[in-house]
C-alpha cells in the first residue's frame, strides 16, 4: 500500500513533546463535567440565551466533483505550485470565484 504524503507519523517521544508544547490544559478539560460545561456556557455572554433551533436543520452533503483532464500553461501551474500545498484547491477557488462573479453580473 502506498503511503499517503499527508499522513504524518510520530514516535511516542515526539507525541509527548508535542503535548508538552500545547497550551491546552488537557487534565482540566478531562476533569470538566457536563454540568460544569453547561455552567461555563451559561456564564459566557456570547453564548447566553442562545437556544439552537434544530427543527429547521438540513443535512447538506457536498456535491461530488467531476474529474476532468485540463491542459494548462506551464506558467499558470508553476504560479499555483509556488504557493505550496493545495495548488489544485486554489485553482478551483479561483475558477469558482470567477463563475460567481459572472453569475452576479448576469443578474443585473
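Taken together, the values in this text are just the output of simple stated rules run on the coordinates, not laboratory data. Only a predicted model underlies this, so the values are computations on that prediction, with no experimental measurement involved. All Cβ positions, glycine included, derive from the backbone under ideal geometry; neighbour counts span all protein chains shown.
The listed peptides 85-97, 69-81, 47-59, ordered by packing as a protection proxy, come out as 85-97, 69-81, 47-59 (highest mean of other Cβ atoms within 10 Å first). Histogrammed with a bin width of 10 Å, the alpha carbon distances of the stretch 1-43 distribute as 21, 29, 25, 20, 5, 0 percent, first bin at zero.
Taking R0 as 22 Å, what's the FRET efficiency between residue 73 and residue 99 from their Cβ-Cβ distance, rounded to 0.05?
On the way: r = 20 Å, r/R0 = 0.92.
E between residue 73 and residue 99, to the nearest 0.05, is 0.60.
Here each label is just a point 7 Å from Cα along the line to Cβ, and for residue 31 and residue 61 those points are 4.5 nm apart.
Can you compute the helix-only [θ] at 222 nm over the chain? Use -39500 (n - 2.57) per DSSP H run of at least 4 residues, normalise by all residues, nearest 500 deg cm²/dmol. Don't jump to the answer; show the numbers that get you there.
Numbers: 5 runs with 56 residues, N = 108.
That comes out to -16000 deg cm²/dmol.
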